[in-house]
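Have a look at the structure below before the remarks.
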There are 2 protein chains.
Amino acid sequence: MRAEILSIGTEILLGHITDTNAPYLAHHLSEVGLDVFFISQVGDNQGRVAETLRRAWDRAEVIITTGGLGPTEDDVTREAICELLGETPTVDETYLAELKALFMRRVGHFPPSNIKQAWIIPSATILPNPIGTAPGWYVQRDGHIIISMPGVPREMKKMWEEQALPRLRGVSGATLVTHILRVAGLGESPVEERLGELIHSTNPTVATYAKSDAVDVRISAKAATKEEAEALLAPVEEQARRVLGRHVFGEGGATLQGVVADLLRQRQWQLATMESCTGGLLASYITDQPGSSDYMRGGIISYATDVKTAMGVPQEIVEQHGVISDATALAMARAVRDKLGAHVGLGTTGVAGPDSQEGKPVGEVHIAVVSPKGEVARQLNLRGERIEIKHRSALAALDLLRLHLLGEV
Amino acid sequence: MRAEILSIGTEILLGHITDTNAPYLAHHLSEVGLDVFFISQVGDNQGRVAETLRRAWDRAEVIITTGGLGPTEDDVTREAICELLGETPTVDETYLAELKALFMRRVGHFPPSNIKQAWIIPSATILPNPIGTAPGWYVQRDGHIIISMPGVPREMKKMWEEQALPRLRGVSGATLVTHILRVAGLGESPVEERLGELIHSTNPTVATYAKSDAVDVRISAKAATKEEAEALLAPVEEQARRVLGRHVFGEGGATLQGVVADLLRQRQWQLATMESCTGGLLASYITDQPGSSDYMRGGIISYATDVKTAMGVPQEIVEQHGVISDATALAMARAVRDKLGAHVGLGTTGVAGPDSQEGKPVGEVHIAVVSPKGEVARQLNLRGERIEIKHRSALAALDLLRLHLLGEV
């Protein structure tokens, strides 16, 4: 069964943004057994969107569109679908009431232009958007499915995973079962090297994906039933877990901060951070986790060196070892643990760039954990720009904390 | 004059790679005044590539392809162009000799499959590839131009900039000039409402784009020369700036943290943050800015309430007004300013969710700035999930700081 992807937005055609929705969707469509032969990008022009939809309708059974669902006159996806199907939109009064309530809460008034976001046609169902204002459409007619979602990647992905993908599963006939192992502390190439011949297997398939917070190993088996697919998958997953060892920190949608949350809760330990080069990002990742106030006392961002010493880092450690050192990272972790009354302290210090510091190169970062179990520090030598170095340092600190809480380091 | 972009490669359709060539080319094409109405991605299949080329030929004068120029059977771009034009390839003996020499130097032998990389047809000129083995084609026939380049971005970009782009300049006879105004504190719909009729103007065009950190207003004018385009653009930009007022915080690639950095540097003021609901994200955004150690003293993340009071927030303010209040946000800003010895203090407190707190709803956030110029606090009523609320609260705090430093609040 064939699927076609259509990304809508003049900003894509002007090269102002890169279409990351299409590769995301292409990847998922192939996983549910749909073949993608064409992807198109087209601007905010009703005639051209309708022309592209019509061609997709002729050569695929499933059409996925993103973009063009906003409230403005530029947003023409709904209009183009109406043109393609020859259907006339009406306003869904129930959804309109919800939309109005939403706008009143957020901005105190309801712009009349937004009424079209409550449009509906006979062949379509509204897909609610829990994190934005543009709802999607799920259209079924004449053996075809059109799924229209917003262009904002965050909103699209949530709608896709929670509402669109579940409806598509089973459409293709075969059952695909996918397990994802999440891997920390190894890059994509080393993960592939460890997996070796597994990468070339066909059913299940094994593939690696570099995500922003981890490397995902995705193992997918296809069979007539879920049970058969699981049976094909099990021995391969076991082998992958064996070669990746402690680097596997979770499955599916697991995050390092979520895994660390569970480990801290098991011990009823409280956490505190002192950050220099990560500048608050480590604490921000920790507090991204719902319920983190259960175990997160807080943190100190000691950007200026004298803030470090004022907050309890001994002057002599800084003088003897330098700010960019394991010793200072450990002293920071100890200081914040005492200062904020936590069981566990985390420290980060390093050179995020663009300039070197204390003669240490950009990307030299030291992270440390201090807990009732003991102390551990690590030096990282990272590459990339400032924001990337902050990000990778914060992830490495979370992973060091995970391994420490597991008794591995 | 119209241009169309075609990216060729099955790995794009499987979602294994993101097509970054198309946005790069789209951006350059619009800059030389060519209109891009369609972009397509198609797999390594001669029939489908030829079909897509034929359609592009019908609706554009310039066609740019990337990918499918390698030596393998999968690489079918040349074959598809031959099919489209009805021309038969011959081997360019001069280029073949160069290619053979290149291979002998690099790998010691010449794989016979690579002979097709020396193919030529009557309408084409070879575009040499100085950093790879796959040459490109520059095809001219019947008022159309086809430029075929390798898919490897590094090779494509070099070939594009050095060989293709110089040939295209002047082809369209027009120059496009774009100015971008970056807008904070207003959503996309209110920005459009303020712009009113400007949105419908055709030259210059005015369009809004919701980015993660701001709304962009993009004003583009097309004319024979850069000067004429600038002259068309100026009055429209002036009008847009007038209706958007202080919400315009910068141009082009400006960021709120960059604008705030300049304002703080002008006054030689030092900054410190005390964050509750944003959990370190505000300080992280501030320290994303290179050189932020010039003005950023550091911050405190007072996630637990008793950390707030231990760090200088008066107990009676918390008791009287509650943690989620303007009064506590102001007290946090004052406390961290004193504690870390800064000129300016920023405070954030609120309910990031998923649970309400003190009977206050998820999304109620209070932000405050305290400086030698005075004090200001604002209540936000945000919607969305935890991570979105953190993000929008941190941006709002940066914008409040900007307006305060400008003397607006």
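No lab work stands behind these numbers, since they all come straight from the coordinates. Everything numeric here is computed off the predicted structure, so don't read it as measured data. Cβ: placed from backbone, ideal geometry, glycine included. Neighbour counts: every protein chain shown.
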* Structure fact -> The ³J(HN,Hα) series, computed from each phi in the range B:155-161 with the Karplus coefficients 6.51, -1.76 and 1.60 at θ = phi - 60°, rounded to the nearest Hz and given as x for glycine or proline, is 5, 4, 5, 5, 5, 4, 5
* Asked: Hey, which of these cross-link pairs are over 20 Å Cα-Cα: B:K100/B:K157; A:K308/B:K308; B:K157/B:K222; B:K308/B:K339; A:K157/A:K211?
  -> B:K100/B:K157; B:K157/B:K222
* Fewest-first ranking of B:I5, A:I120, using other Cβ atoms within 10 Å as the exposure measure -> A:I120, B:I5
* Asked: Taking the highest mean first, how do the peptides B:34-43, B:359-368, A:209-218, B:60-69 order by number of other beta carbon atoms within 10 angstrom per residue?
  -> B:60-69, B:34-43, B:359-368, A:209-218
* To do: Using the 7 Å Cα-to-Cβ label point, sort the distances from A:R105 to its equivalents in the other copies shortest first and give them in nm to one decimal.
  => 6.6
* Mind checking the angle between helix B:93-107 and chain B's longest principal axis? C-alpha axes, 0 to 90 degrees, to the nearest 10. -> 50
* Structure fact -> Output field shielding_mean for B:383-393 (other chain Cβ, 10 Å radius) holds 4
* To do: Would you mind listing the distances between the B:G322 label point and the same position in each other copy? Use 7 Å along Cα-to-C-beta, nm, one decimal, shortest first.
  => 5.1
* Asked: Is the range A:68-190 best put as rounded, prolate or oblate by its Cα gyration tensor, with a ≥ b ≥ c the root eigenvalues, rounded for a/c under 1.5, and otherwise prolate when a/b is larger than b/c, oblate when not?
  -> oblate
* Ignore the peptide's own chain and count Cβ atoms of other chains within 10 Å of each Cβ in B:187-195; give me the average, rounded. => 4
* Structure fact -> Rounded to the nearest 10 degrees, the helix A:256-267 long axis (Cα) sits at an angle to the longest Cα principal axis of chain A of 50
* With a ≥ b ≥ c taken as the square roots of the eigenvalues of the C-alpha gyration tensor of the range A:132-219, please select rounded if a/c is under 1.5 and otherwise prolate if a/b is larger than b/c or oblate if it is not? => oblate
* Asked: In nm, what does the list of distances from B:Q140 to its counterparts in the other copies look like, shortest first, when each label sits 7 Å along Cα to Cβ?
  -> 5.6
* Asked: Normalised by the number of residues in chain B, what is the relative contact order in percent for Cα pairs under 8 Å and 6+ residues apart?
  -> 10
* Asked: Which of the aspartates and glutamates could a cross-linker bridge to A:K158, judged by Cα under 12 Å and excluding same-chain residues fewer than eight apart?
  -> B:E385
* When you look at the Cβ of every residue in B:21-30, what mean number of other chain Cβ atoms sits within 10 Å? -> 5
* To do: Among DSSP beta bridges lying fully in the protein assembly as shown, give the percent that are antiparallel, nearest 5.
  => 65
* Structure fact -> Ranked from fewest to most other Cβ atoms within 10 Å of their own Cβ, B:L330, A:L186, A:L401, A:L84 fall in the order A:L186, A:L84, B:L330, A:L401
* 222 nm mean residue ellipticity, helices alone, for chain A (DSSP H n ≥ 4; -39,500 (n - 2.57); rounded to 500) -> -11500 deg cm²/dmol
* Asked: If the cut-off is 17 Å between C-alpha atoms, which lysines fall inside it for B:K360, apart from same-chain ones fewer than 8 positions away?
  -> B:K390
* Taking H as built 1.01 Å from N, whose amide H comes closer than 5 Å to the amide H of B:I63, not counting residues under 5 places away? -> B:E4, B:I145, B:I146, B:I147
* Ellipsoid semi-axes in whole angstrom, largest first, where each is sqrt(5λ) of the Cα gyration tensor of the range A:175-251 -> 21, 12, 11
* Asked: Hey, what's the Cα Rg ratio for the range B:1-146 versus the globular rule of thumb, 2.2 N^0.38 Å?
  -> 1.06
* Once you sort the root eigenvalues of the Cα gyration tensor of the protein assembly as shown as a ≥ b ≥ c, which label holds: rounded (a/c under 1.5), prolate (a/b larger than b/c) or oblate (the other case)? -> prolate
